[in-house]
1. Pairs only if they're at least six apart or on different chains, beta carbon under 8 angstrom, first in the range 3-16 and over 20 Å from Lys264 (Cβ atoms) and touching a residue at least 60 places away in the same chain (Cβ under 8 Å), second of a type in the set (Lys, Arg) and crowded, with 16+ Cβ neighbours inside 10 Å; list them, first residue then second.
2. Cβ-Cβ distance below 6 Å, separation of 6 or more or different chains: which pairs start in the range 228-248 with a residue that is more than 22 Å from Asn4 (Cα to Cα) and in contact (Cβ under 8 Å) with a residue 40 or more places away in the chain and end on one that is open to solvent by 50 Å² or more (accessible area, probe 1.4 Å) and in a loop (DSSP other than H, G, I, E, B)?
3. Going residue by residue through the range 262-272, is there one that turns out to be in contact (Cβ under 8 Å) with a residue 40 or more places away in the chain, part of a strand (DSSP E or B), surrounded by 16 or more Cβ atoms within 10 Å (Cβ to Cβ) and not small (Gly, Ala, Ser)?
4. Report yes if Leu194 is among the hydrophobic types (A, V, I, L, M, F, W, C), in contact with a strand residue (DSSP E or B) (Cβ under 8 Å, 6 or more places away or on another chain) and open to solvent by 10 Å² or more (accessible area, probe 1.4 Å), otherwise no.
5. Residues being touching a residue at least 60 places away in the same chain (Cβ under 8 Å), among the small types (Gly, Ala, Ser) and closer than 19 Å to Asp256 by Cα: count how many of those fall in the range 106-153.
6. Taking the residues in the range 40-69 that are hydroxyl-bearing (Ser, Thr, Tyr) and outside any strand (DSSP E or B) as candidates, determine which candidate is surrounded by the fewest Cβ atoms within 10 Å (Cβ to Cβ).
7. Taking the criterion of being under 18 Å from the mean Cα position of the chain (by Cα) and of a type in the set (S, T, N, Q), would at least one residue in the range 35-55 satisfy it?
8. Kindly evaluate Thr15 against the criterion of being of a type in the set (Val, Ile, Thr) and exposed (fewer than 13 other Cβ atoms within 10 Å of the Cβ).
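The values are calculated or read from the model by the stated rules, or taken from the named source; none is laboratory data. A quick note: this is a predicted structure, and the numbers were derived from the prediction, not measured. Don't worry about glycine lacking a Cβ; one is built from the backbone with ideal geometry, like all the others, and counts go over all protein chains shown. What goes into the accessible areas is simple: the full protein's heavy atoms, side chains included, and nothing from ligands, DNA or RNA. Shrake-Rupley method; radii C 1.70, N 1.55, O 1.52, S 1.80 Å.
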Amino acid sequence: MMFNVTHTTRYIYATAVSQGLNEVRLTPREFAGQRVRESAILVNPQPAFMHHRKDYYGNHVTSFEVLEKHDRLEATAESIVEVLPDVTESLPLAPWEEARNLIAAASDPACLAASEFIYNSQYVPAVPQLREYARETFVPQRPLLESVRDLTHRIHEEFKYSPKATSIDVPLKDVLRKREGVCQDFAHIMIGALRSVRLAARYVSGYVRPGPKVQGAQASHAWVEVFVPGGGWRGFDPTNDLMVSDNHVVLAWGRDYGDVTPVKGITLGGGDQTVEVEVYVRPIED
């Protein structure tokens with residue numbers, strides 16, 4: 001699949017901002033399953049500088065500073081991305097306990113690299129209730145992929161998608177108790193459940209192709225990747241109850257939302273602010 005992705009974030013300030021420094025992760029990643037044909041970031045007002053780098057996880061980061069007085073800031077990223085279908089014929093059918101033990105033992109370089117994703121992080125702390133929630137799925141000797149698919153389905157069925165129910169500051173235990181939220185909440189719940197049984201899981205930000213039953217296409221989307229020893233990282237989307245396919249475009253990955261925040265920054269002045277986000281994911285001909 002080929003997609004034209006446009007992501008616009010707009011800040012409207014109550015009073016003028018004298019200067020602002022921002023950091024965005026809006027350039028899609030390149031890896032075996034995804035190629036970036038074109039990508040550009042435009043900022044209005046014109047920034048004094050724009051600097052590009054890669055962070056610890058290999059995500060593209062663009063930093064810029066606006067030094068002129070402004071009461072409105074708009075950053076637009078536009079990319080043309082080719083997402084390739086997964087041609088893997090079969091994946092390991094080992095039980096989840098075997099995967100856990102291989103990761104813990106750092107049995108090969110891939111398992112060693114994945115092992116850093118079994119630990120708590122800022123937005124996915126250790127919550128005893130998550131271990132209890134995971135217990136129903138991770139029964140003895142159940143195959144890893146079957147277990148992860150079941151967890152994906154349970155979150156989709158048991159949590160209500162409600163865009164105004166939470167914010168990123170709502171504790172994970174409250175999301176678990178209220179059983180409602182948005183894609184970032186569901187991703188954090190799933191990651192926390194997986195890490196509670198010492199499986200490696202990471203947070204992925206990106207976009208999903210719109211559809212009549214697809215949730216999360218109106219803004220940046222989030223899902224989970226689970227490490228399968230001998231099979232690499234595999235994506236699961238609990239918001240939409242599916243394994244990730246060539247309908248998903250990857251922006252960045254990390255331990256949780258804090259590592260992949262699409263847009264963040266600091267300003268001098270501005271007072272209250274209103275944030276508007278517009279995302280368009282359009283399939284295009286090659």
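1. Cβ pairs passing all conditions: Phe3/Arg209.
2. So the pair list comes out as Thr239/Gln215.
3. Here is the first cut: in the range 262-272, the ones in contact (Cβ under 8 Å) with a residue 40 or more places away in the chain are 262-272.
Filter once more, so that each one left must be part of a strand (DSSP E or B): 263-269.
Those still in the list that are surrounded by 16 or more Cβ atoms within 10 Å (Cβ to Cβ) too: 263, 265, 267.
Those left that are additionally not small (Gly, Ala, Ser): 263, 267.
Among the residues of the range 262-272, at least one is in contact (Cβ under 8 Å) with a residue 40 or more places away in the chain, part of a strand (DSSP E or B), surrounded by 16 or more Cβ atoms within 10 Å (Cβ to Cβ) and not small (Gly, Ala, Ser), which makes the answer yes.
4. Details: among the hydrophobic types (A, V, I, L, M, F, W, C): yes; in contact with a strand residue (DSSP E or B) (Cβ under 8 Å, 6 or more places away or on another chain): yes; open to solvent by 10 Å² or more (accessible area, probe 1.4 Å): no.
When the stated conditions are applied, Leu194 does not pass them.
5. 5
6. In the first step, residues of the range 40-69 are kept if they are hydroxyl-bearing (Ser, Thr, Tyr); the result is 56-57, 62-63.
Within this subset, residues satisfying the condition of being outside any strand (DSSP E or B) are 56-57.
Details: Tyr56: 7, Tyr57: 14.
The extreme case among them is Tyr56.
7. No, because not a single residue in the range 35-55 is under 18 Å from the mean Cα position of the chain (by Cα) and of a type in the set (S, T, N, Q).
8. On the way: of a type in the set (Val, Ile, Thr): yes; exposed (fewer than 13 other Cβ atoms within 10 Å of the Cβ): yes.
Criteria met by Thr15.
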